[in-house]
1. Once label points are set 7 Å from the Cα along Cα→Cβ at both Gln291 and Thr259, what is their separation, rounded to one decimal in nm?
2. Calculate the spin-label point distance for Val137 paired with Ala72, positioning each point 7 Å from the Cα along the beta-carbon direction, and give it in nanometres.
3. The range 80-140 to the range 215-258: how many Å between their Cα centroids?
4. Within straight cross-link reach of Lys114, meaning Cα distance under 16 Å, which aspartates and glutamates are found once same-chain residues fewer than 8 apart are removed?
5. How large is the dipole of the range 92-187 about the Cα centre if only Lys and Arg carry +1 and Asp and Glu carry -1, each at its Cβ, rounded to the nearest 20 debye?
6. If each of Gln99 and Glu251 carries a label point 7 Å out from its Cα toward its Cβ, how far apart are those two points in nm?
7. Take peptides 122-132, 239-249 and line them up by average Cβ neighbours within 10 Å, highest first, as a rough protection proxy.
Amino acid sequence: MNANMAALAKGAATVGAAFIVLVAGVSSLFRIPPHRENPPSPGAGKAASESAPAPQAPPQAAAPGAPAPQAAAAPPTPPPRKATDFSFPQARWEQLLAQDANAPIDAALANAGKPSAGVAACASCHGAQGVPAAGTVFPILAGAPPAYIAKQLLDYRDGTRQHPIMTGIAKGLNDQDIAAVARYYGSLPAPAIAAPAANPADRGQRLHGFGDNGLALAACANCHGANGEGESPSLPRLAGQPEAYVSGQLEAFRNGQRTNDDLGTMRDIARRLSAQDTAALAKYYAGMRPQ
């Protein structure tokens, strides 16, 4: 009897355990996990936390009696652009000639000088009409561009160009004097030019008309005119200038005594010329003066 009761109890326990297992299995069938489309990748949380803006501190209340904070000042508005902002400033001699541009031609300084400043008449060296006597060392000024004469006188006055006579003369001239003498000589007729016949054997003529490729020398005519007449506003006449004057200026450019050429152009040219080339050019230009 007791054995039967024990067997029944054991069987009941076995059935109960099986039932519990069955109930747990059925319950698991109805437990559905939440759906996630894109599971977070490793480190995503870290990146999000790093890119998130830091929390801003709440504004502090101003202390009683303290001045109110000032707003940042707006940057100043730049002035409107003008056409003159994009133009080159005038050179000193251009400004000088632009002043009283309609003033009448005044020959007083050229013919009488400025005794109060110890300045002799220009005509005493450069001739009554801006053409000095043949055989002298003074250049022809008649018909020279006013800009060229004004620039040279300013350069003599400030020491950019040196000369034992002209430096002292220029220092005795004010701006109005320089403008007046430049306009006067520019108003005179330029002397005629005696163009020589073509001569391939003339070294000076070849340098003038063709230059020398081997020496990297451009033709002098490119700047000083086909017949050496000069080019306005600032390139001087070479035709008919005294032989000693032309050779002296080329030597001054070569040795650095004269340095008032734009960008050092003439200094570079003079250094490429031999003494024979310099003499040939000076002789050629002197021969272009009518006799």
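Every number here is computed from the coordinates shown, using simple stated rules; none is lab data. Not measured: the values here are computed from a predicted model. As a convention, Cβ positions derive from the backbone with ideal geometry for all residues, glycine included, and neighbour counts pool all protein chains shown.
1. Roughly 4.2 nm, to one decimal.
2. Modelled inter-label distance: 7.1 nm.
3. Spelled out, the Cα-based centre of one part sits 20 Å from the other.
4. Asp106, Asp175, Asp177
5. 180
6. 3.8
7. 239-249, 122-132
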